[in-house]
Amino acid sequence: LWAQKCGCGKGLLTSSGVFLLQMGWGDLGAFGEPSKETPNLDQMAAEGMLFLDFYTANPLCSPSRAALLTGRLPVRNGFYTTNGHARNAYTPQDIVGGIPDSELLLPELLKKAGYVNKIIGKWHLGHRPQFHPLKHGFDEWFGSPNCHFGPYDNREHPNIPVYRDWEMIGRYYEDFKIDLKTGEANLTQLYLQEALDFISKQQASQQPFFLYWAIDATHAPVYASKQFLGTSQRGLYGDAVREIDDSVGKILNHLRQLGISENTFVFFTSDNGAALISAPRQGGSNGPFLCGKQTTFEGGMREPAIAWWPGHIPAGGVSHQLGNVMDLFSTSLSLAGLQPPSDRQIDGIDLLPVILQGKLIDRPIFYYRGNELMAVRAGLYKAHYWTWSNSWEEHSKGIDFCPGQSVSGVTTHTQEEHTYLPLLFHLGRDPGEKFPLSFASEEYQQAVERISGLVQQHKATLVPGQPQLNVCDQAVMNWSPPGCEKLGKCLKVPESDPKKCSWPH
């Protein structure tokens, strides 16, 4: 959420926010989920604009979050690995890297326009001290540096810390309870109250603000508060979705009650597709799309997305604009009357003409997996230059990112190159990517010629960043975070033993 006088000609924008979660395209009633258990998000869509063709910048969480906050592809901002071709990678406890100081994050830039910035929930851009969010533009933080995996034994792996601003205030499973048997945890309620309190405080002081609400209840192990457990037709995952929906409703209603809803721009989206590996009990729905999280098929990267700004965005809007989480960087700066940095390549575009005037901007979508450009979408056509779901070795262990969705020659378990003859799909006629167009058809030739030109243009401007996800070291895990001394929760740090991270996916 953010607020400030903006260059959009719409008067005073007092606040702005981004809701970022792990949910699939098909998890909301507004996108066709049949149980209709998301009334608040569906109402948000009815009052704002629904984006049907909105994407993340990577099929995994950490690189997507880095892309959102920098406006740049992960291959540019360093959130990728070169330890194996086309490997997905993220920021587990033993990762050495994180968001580089050379990157300019959205909250750093919004500070120049007088914004107070808060992150609530998962940071996931590096947990070592130099990567702390308050060193990268945020003024406040309540949440964790990593996901809520665990519980760990505090000998081989420490439990994940929870921070308030600069210091930890406890650890997951020890001080912040998550019941792995029942799925009960009150974390979403804590994150909700943090959001409501922050909004109230900034409104009272007439301070423009940006709120990044990045909770993780729908990330396995899935959790929900007691009052939501057992209330969904979709099981525990649905319980978590219902609680998130309820929380979004309370936040939007709070903005209305404070009288700042018409001065507040809110955007809801996800950092990757639903994780089908944990389905059906702890995995969501990607609707009609192929596969899920970890893949560059539509199910891994096309996301639910809703823009809300009462009095400015025409109610009930539906857009087919090709959008990306990186666009939130450029759009937010535009709302604040700021220009994107001119000393680096910015991949996000300003969506305000789309949101406020219903325009369509011609732009491609690039699907990266690690250091490889896997696919490109232009208009309704998508060309795959590489296909790979996961290896036979991993698949034989029960790791399946496309359960029940095998498509011959498409969902491959070896890395298949299609550089010279890309697999081409028309996503309007075939959103599930099941029927490649004939190589001999005129339609294929024309579409591939256009996309090939976009690829050449893109690669000509590509200067990869220093890969941040190559080196792991047990000594950098969350043994003794700042504040652990006060709590008596410091753990013995093992000897440093840096090595190449192993990324099987």
Looking only at region 207-233, how many residues end up being modelled with pLDDT of 95 or more, out of contact with any Pro (no Cβ under 8 Å at 6 or more places or on another chain) and farther than 16 Å from A275 by Cβ?
15
Among residues of region 391-418 being touching a residue at least 60 places away in the same chain (Cβ under 8 Å) and in contact with a helix residue (DSSP H, G or I) (Cβ under 9 Å, 6 or more places away or on another chain), the residue farthest from S452 (Cα to Cα) is I399
Cβ-Cβ distance below 8 Å, separation of 6 or more or different chains: which pairs start in region 224-243 with a residue that is touching a residue at least 24 places away in the same chain (Cβ under 8 Å) and under 16 Å from G29 (Cα atoms) and end on one that is part of a helix (DSSP H, G or I) and open to solvent by less than 10 Å² (accessible area, probe 1.4 Å)?
S232/G238; S232/D239; S232/V241; R234/V241; A240/T188; V241/D27; E243/T188
Give L437, L454, L491 a once-over and let me know the one that is among the aliphatic types (A, V, I, L, M) and out of contact with any strand residue (DSSP E or B) (no Cβ under 7 Å at 6 or more places or on another chain).
L491
Filtered residue count, region 290-312, keeping only those that are closer than 27 Å to I355 by Cβ and either open to solvent by less than 10 Å² (accessible area, probe 1.4 Å) or without any contact (Cβ under 8 Å) to a residue 12 or more places away in the chain (or both)
12
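Taking the condition buried (at least 20 other Cβ atoms within 10 Å of the Cβ) and touching a strand residue (DSSP E or B) at 6+ places or on another chain (Cβ under 7 Å), does V96 pass?
Numbers: buried (at least 20 other Cβ atoms within 10 Å of the Cβ): no; touching a strand residue (DSSP E or B) at 6+ places or on another chain (Cβ under 7 Å): yes.
Answer is no for this residue.
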Can you confirm whether region 264-277 contains a residue that is farther than 27 Å from E416 by Cβ, of a type in the set (V, I, T) and touching a Ser or Thr at 6+ places or on another chain (Cβ under 6 Å)?
yes
What are the residues in region 472-488 that are open to solvent by 50 Å² or more (accessible area, probe 1.4 Å) and either closer than 14 Å to H157 by Cα or under 26 Å from the mean Cα position of the chain (by Cα) (or both), if any?
Q474, S480
Determine the pairs where a residue that is under 24 Å from L104 (Cβ atoms), located within region 453-470, has a partner that is outside any loop (DSSP other than H, G, I, E, B) and open to solvent by 100 Å² or more (accessible area, probe 1.4 Å) with Cβ atoms under 9 Å apart, the partner being 6 or more residues away or on another chain.
N470/K500
Residue hits (region 410-464; under 29 Å from the mean Cα position of the chain (by Cα), modelled with pLDDT of 95 or more, exposed (fewer than 12 other Cβ atoms within 10 Å of the Cβ) and in a loop (DSSP other than H, G, I, E, B)) are T414, T419, G428, R429, V463
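Taking the conditions exactly as written (under 18 Å from W123 (Cβ atoms), crowded, with 20+ Cβ neighbours inside 10 Å, out of contact with any Asp or Glu (no Cβ under 7 Å at 6 or more places or on another chain) and modelled with pLDDT of 95 or more), does A240 satisfy them or not?
No; evaluated as a whole, the condition is false for this residue.
Answer yes if at least one residue in region 5-17 is modelled with pLDDT of 95 or more and in contact with a strand residue (DSSP E or B) (Cβ under 7 Å, 6 or more places away or on another chain), and no otherwise. Step through it out loud before you land on a result.
Step one: of region 5-17, the residues modelled with pLDDT of 95 or more are none.
So far as region 5-17 goes, no, none of its residues is modelled with pLDDT of 95 or more and in contact with a strand residue (DSSP E or B) (Cβ under 7 Å, 6 or more places away or on another chain).
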Test: K111 is farther than 29 Å from F209 by Cβ, without any contact (Cβ under 8 Å) to a residue 60 or more places away in the chain and among the basic types (K, R):
no
Would you pick out the residues in region 333-345 that are open to solvent by less than 30 Å² (accessible area, probe 1.4 Å) and not polar (S, T, N, Q)?
L333, L335, A336, P341
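The values are calculated or read from the model by the stated rules, or taken from the named source; none is laboratory data. Since the model is a prediction, treat every value here as computed from it, not as a measurement. We place every Cβ from the backbone using ideal geometry, glycine too, and count neighbours over all the protein chains shown. Note: accessible area is taken over every heavy atom of the protein model, side chains too, but ligands, DNA and RNA are not part of it. Shrake-Rupley method; radii C 1.70, N 1.55, O 1.52, S 1.80 Å.
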